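In what follows, a structure is listed as structure tokens, so that the remarks can point back to it.
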Amino acid sequence: MFPILFLAVCLILRIQAVYAIADYHERLLLRPLPHNSLLASFNFRSNASSVSFDEQNFRYFPRSLGQILQHAHARELHLRFSLGRWDSENWGARPWNGAREGGTGVEIWAWVEAETAAEANARWLTLTNALSGLFCASLNFIDSTKTIRPEKTFLPEGTHINQSMRNLHLLHGTLPHEVVCTENLTPFLKLLPCKGKAGISSLLDGHKLFDASWQTMAIDVRPVCLSEGCLLEMEQTVDMVLDIDRSKRPHDNPIPRPVPIEQITCDTSKSYSSHDSCYPLRKNVEPSWSLAEVFGRPLKGACPLESGEASSTVCLDVPSERSVHVQTDGSHHESKLNDNTSRCYKLPVGSNLDLVLPEQELAAQPSLAEPPLYASRSIVGHGQERGGVQATIINPTNDTANLVYLESLPWFMKPYLHTLRATVLTPGVLDMTQHAIKETHYRPALNRHRGTHLELLLSIPPASTLTLSYDFDKAILRYTEYPPDANRGFDVAPAVIRLESQSSGQTFLRTTSLLLPLPTPDFSMPYNVIILTSTVMALGFGSIFNILVRRFVGADEVDGRSKLAMKVLAIKHKARLLFGLLMLKIRGKGRKAE
Amino acid sequence: MILRFTALLLAVATLACAEHTSNWAVLVSTSRFWFNYRHLANVLSLYRTVKRLGIPDSQIILMLPDDMACNPRNAFPGTVYNNADRALDLYGDNIEVDYRGYEVTVENFIRLMTDRVGEDMPRSKRLLTDDRSNILVYMTGHGGNEFLKFQDAEEISAFDLADAFAQMWEKKRYHEMLFMIDTCQANTMYSKFYSPNIIATGSSEIDQSSYSHHADNDVGVAVIDRYTYYNLDFLETQVREPTSKKTLGDLFDSYDESKIHSHPGFRYDLFRDGEQAAKQRLVMDFFGNVQNVELESSNGGNETQWKEDLEHLQRIIDAARARHEGGREQPYLHNVDNDEAVASNPLLEQERAAKIDMENGWRRQAIGASALLGCIGLWLVGFYVDSGK
């Protein structure tokens with residue numbers, strides 16, 4: 001009786017699991033970009049129902065992360081590992097509208113449930129420490145000096161009820177200097193149900209990922225409530241822009257070598273072109289590539305844990321005229337979407353799949369979506385004492401852009417808020433009275449306790465450029481506060497910009513991080529002082545000690561000398577007496593001192 | 001017959017008591033900057049070796065003070081090589097670095113060894129050993145007479161190290177320890193040890209440098225040190241599988257001073273049973289993961305012991321279940337209900353950024369200016385009244 005009941009319960013649970021809640025999806029989007037670049041956008045999504053999560057029954061959701069979230073009472077988590085810069089002039093709009101990318105280094109923000117702010121801080125520290133162990137990153141360095149509580153920039157992605165929203169604390173921290181490398185990818189892959197052994201994750205190789213022109217790894221955990229019930233959704237995203245030529249170099253010989261002259265097509269229109277001088281002709285063709293070539297390993301079939309209709313696991317954004325050869329032993333399925341500009345492939349189970357695109361000349365280059373904003377930021381000024389920051393935000397669209405600008409500055413960079421200027425430059429309009437800054441949220445820095453938090457609500461008119469500038473002072477650090485590579489400079493976290501748009505979804509943009517040179521002492525100075533002091537002491541002490549311990553012998557005690565020698569000795573004798581007196585004096589002083 | 005059997009069992013039991021039940025490795029490189037590539041390659045070579053011989057990532061503490069694999073100067077992204085033939089990628093696809101970058105400090109190292117860490121420290125960053133754990137400690141970097149530099153910013157002295165190990169012994173944090181160090185004047189680093197059961201070896205004597213083995217022209221710097229290279233050479237060629245019976249004596253005898261270009265040193269006097277016993281220890285006792293099962297009693301054991309254990313386990317399960325049932329009222333996720341309005345939490349306000357109102361600012365300045373003028377006026381009146389007298 002009991003086993004049958006148990007089986008029935010299991011079956012019901014299983015049916016529920018399949019049809020209602022727990023599932024896993026993965027998707028890879030490949031889009032060739034100008035200048036021989038290729039955008040690869042990996043997305044993995046897994047779910048756990050709130051009930052099973054509370055009972056610690058994990059199926060697709062990784063247990064290691066789930067337990068950390070429960071322990072730290074984190075309701076929503078966003079974690080980013082990024083390298084490089086998205087070249088929006090050449091590559092156009094960002095993937096996911098920038099919502100799945102972070103600033104250079106490591107960025108983390110989370111909604112933590114706590115009764116008081118102090119409790120939230122404690123839980124935040126627990127969370128960052130636990131994640132530092134899980135992801136092999138120095139996230140434990142996110143202390144109070146690197147943590148801020150953004151007001152307007154970040155909005156929760158998940159559904160939180162109002163009751164709990166009251167006790168939810170948003171905390172945000174960045175480590176702009178943190179390196180991102182294979183040790184961060186290893187735990188990232190271990191969180192996936194197929195662990196990089198099958199499915200699109202089998203393409204993720206640290207050697208190619210960390211050789212990319214731009215890459216970002218993201219983990220997003222959020223609660224989602226539907227009519228059937230609540231579930232916890234986890235999304236893992238990897239976006240990278242690969243240089244096709246660079247990626248195709250063999251793994252054991254990646255150093256670029258000159259191409260043999262026979263393989264170069266010369267531009268004969270140049271005046272100096274002759275049999276021994278050649279200007280390479282720029283070929284206006286799409287380069288040839290295949291999945292195995294650019295990712296360094298084959299795509300090992302579908303992940304069997306993927307649920308539902310996985311008809312479009314790998315999608316390719318190429319014009320319909322581009323020829324694509326599919327190489328596989330198993331059965332695959334191709335479907336075309338979006339007016340033939342996108343084709344998707346269903347992966348075979350248990351056999352490799354490769355997409356091969358030959359070199360081809362295209363009639364028209366596919367147009368790229370224009371980014372809604374351009375932003376850059378730099379340090380201006382000179383000297384060791386003070387400096388300035390200038391940020392330029394360009395709105396190329398024909399609508400007014402309303403945006404939130406967030407800066408989280410380290411405590412040793414002290415901005416003056418009264419120097420904050422925002423100037424709007426619209427071509428053809430001479431109106432300097434525009435107020436670009438709508439609202440300012442500010443929390444000043446405290447030395448060694450917290451950094452500056454500056455959040456601005458800005459509005460940029462159509463086709464205009466906003467220049468934001470402020471001055472700051474550089475603090476002088478204590479000797480022990482300097483890192484081992486102090487002369488490299490100190491990294492300042494990127495500014496985060498969120499565009500408030502009417503359409504659903506959030507548009508984010510991040511500037512690059514800044515390198516701030518601080519006045520640095522000569523670290524060998526203490527050693528120089530010690531050496532010099534020792535030398536002086538040795539000289540002084542040595543000569544006095546010499547006088548004290550030398551035994552002077554009288555002239556008459558030495559026999560067999562000439563008269564002249566005796567006279568010289570007599571003078572020496574007088575000198576000895578003088579010295580003797582001096583000696584006695586010094587000894588007497590020494591006794592007194594004792 | 002029975003007597004002989006019990007005697008055998010007893011012999012097994014005493015043997016078991018002398019053995020270790022877990023293996024840990026602490027692998028530390030202490031040099032930052034690209035030109036010290038070889039120190040990271042040294043430590044990663046040892047990491048690959050102990051991993052190959054069976055110690056899991058959870059029992060290896062790897063400290064890398066700089067990032068060589070993803071360094072912009074590295075022509076081979078995501079890789080670290082220890083040989084110019086570039087046959088083995090030490091970084092590979094599966095690596096877990098426990099302490100990296102600025103985390104590699106003398107303080108963190110000593111805290112790790114003595115387990116004096118904060119409560120938030122994750123388990124992967126702790127050395128969770130006991131008195132039955134064998135530990136391999138390997139260090140490499142730039143050193144001198146009785147010190148080893150950390151990141152070119154601070155030093156650990158031989159005394160600090162000796163005291164840390166003594167504290168570990170007092171806290172029952174190791175059974176036996178193999179200390180290996182590859183640095184200039186390395187043998188001075190273990191000269192101050194005074195706690196028992198440590199076998200120590202170093203690459204060079206006092207006033208001797210420890211040299212690099214060779215450079216890779218495409219990497220651009222030296223890729224491995226001599227002492228580590230010949231250690232690895234032995235481990236790769238002689239200790240091929242976990243069943244290897246090679247002893248530490250074999251390893252130490254393989255050192256050829258003409259090849260290493262310095263005089264490796266050994267220290268056995270701290271070891272419980274002396275030099276011969278130390279030399280008879282298997283290489284696998286420190287570089288591999290040998291899980292010895294220990295029987296608590298030799299003759300049949302307590303019949304009721306396991307039943308008590310089982311009952312205790314059941315109680316734990318019941319308690320957990322009760323806790324879980326009790327916790328049902330506050331599940332992790334809630335269903336949507338929009339009844340209650342959001343109210344700002346006053347306790348939160350003090351931690352937040354303040355909204356700055358520019359117009360309000362002008363008003364405040366006006367108030368300030370008028371207050372100042374009022375004060376001046378009062379003072380003038382007082383002055384006038386005073387002078388009138």
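The values are calculated or read from the model by the stated rules, or taken from the named source; none is laboratory data. Keep in mind that what you see is a predicted model, and the values were worked out from it rather than measured. Using ideal geometry, Cβ is built from the backbone for each residue, glycine included, and neighbour counts are taken over all protein chains shown. The protein model used for the area step is the full one, side chains on, heavy atoms only, and it has no ligands, DNA or RNA in it. Shrake-Rupley method; radii C 1.70, N 1.55, O 1.52, S 1.80 Å.
Counting protein heavy atoms only and a 1.4 angstrom probe, how many square angstrom of accessible surface do chains B and A bury in total, to the nearest 100? The summed interface area works out to 5500 Å². The range B:163-234 and the range A:261-298 have Cα centres separated by 51 Å. Secondary structure note: in chain B, about 35% of the DSSP beta bridges are antiparallel. Compared with its chain on its own, the range A:121-136 contains the following residues whose accessible area drops by 40 Å² or more in the full protein assembly (probe 1.4 Å; ligands, DNA and RNA excluded): A:ASN129, A:GLY133, A:CYS136.
What the phi angles of the range A:244-253 give under the Karplus curve with 6.51, -1.76 and 1.60, with θ = phi - 60°, is a coupling list of 4, 4, 5, 5, 7, 5, x, 4, 8, 9 Hz, glycine and proline written as x. With all pairs of separate Cα atoms included, the range A:214-287 yields a Kirkwood hydrodynamic radius of 17.7 Å. Using a cut-off of 23 Å between alpha-carbon atoms, which lysines can reach B:LYS259, once sequence neighbours fewer than 8 places away in the same chain are excluded? Reachable lysines: B:LYS246, B:LYS279. Straight-distance candidates among the aspartates and glutamates for linking to A:LYS567, with alpha-carbon spacing under 20 Å and chain neighbours fewer than 8 residues away dropped: A:ASP556, A:GLU557, A:ASP559. Here each label is just a point 7 Å from Cα along the line to Cβ, and for A:TYR416 and A:GLU55 those points are 6.4 nm apart. From the cross-link list A:LYS190/B:LYS192; B:LYS149/B:LYS171; A:LYS197/A:LYS248; A:LYS190/A:LYS283; B:LYS172/B:LYS245; A:LYS197/B:LYS245, which pairs have alpha carbons spaced over 32 Å apart? Distance filter (> 32 Å) returns A:LYS190/B:LYS192; A:LYS190/A:LYS283; A:LYS197/B:LYS245. For the range A:19-50, a decrease in accessible area of 20 Å² or greater in the assembled protein chains relative to the isolated chain, with a 1.4 Å probe, applies to A:SER50. The 3J(HN,Hα) values that the Karplus relation (6.51, -1.76, 1.60; θ = phi - 60°) gives for the range B:236-241 are, in residue order, 6, 8, 9, 9, 8, 9 Hz. Gly and Pro appear as x. Out of every Cα-Cα pair that the protein assembly as shown contains, those further apart than 45 angstrom amount to 47 percent. Summarised as an ellipsoid, the range B:19-287 has semi-axes of 25, 21, 19 Å, derived from the eigenvalues of the Cα gyration tensor scaled by 5 and square-rooted, with the largest first. For the range A:176-202, a decrease in accessible area of 20 Å² or greater in the assembled protein chains relative to the isolated chain, with a 1.4 Å probe, applies to A:HIS177, A:VAL179, A:CYS181, A:THR182, A:GLU183, A:THR186, A:LYS190.
As a fraction of the 1.4 Å probe accessible area of the protein assembly as shown, surface on carbon and sulfur atoms comes out at 55 percent.
Accessible surface area normalised per residue over chain B is 52 Å², counting heavy atoms of protein chains with a 1.4 Å rolling probe. Bridging of A:LYS195 to lysines at a Cα separation below 21 Å is possible for A:LYS208, A:LYS300, A:LYS346, B:LYS51, once same-chain residues fewer than 8 apart are set aside.
Measuring with a 1.4 angstrom probe and ignoring ligands and nucleic acids, B:ASP66 comes out at about 40 Å² accessible. Derived scalar couplings between HN and Hα for the range B:222-232 equal 5, 10, 7, 8, 4, 4, 5, 4, 6, 4, 4 Hz in order, rounded to whole Hz, by the Karplus curve 6.51 cos²θ - 1.76 cosθ + 1.60 (θ = phi - 60°), x for Gly and Pro. For the range A:21-361, the per residue solvent-accessible surface stands at 39 Å², with DNA, RNA and ligands left out and a 1.4 Å probe.
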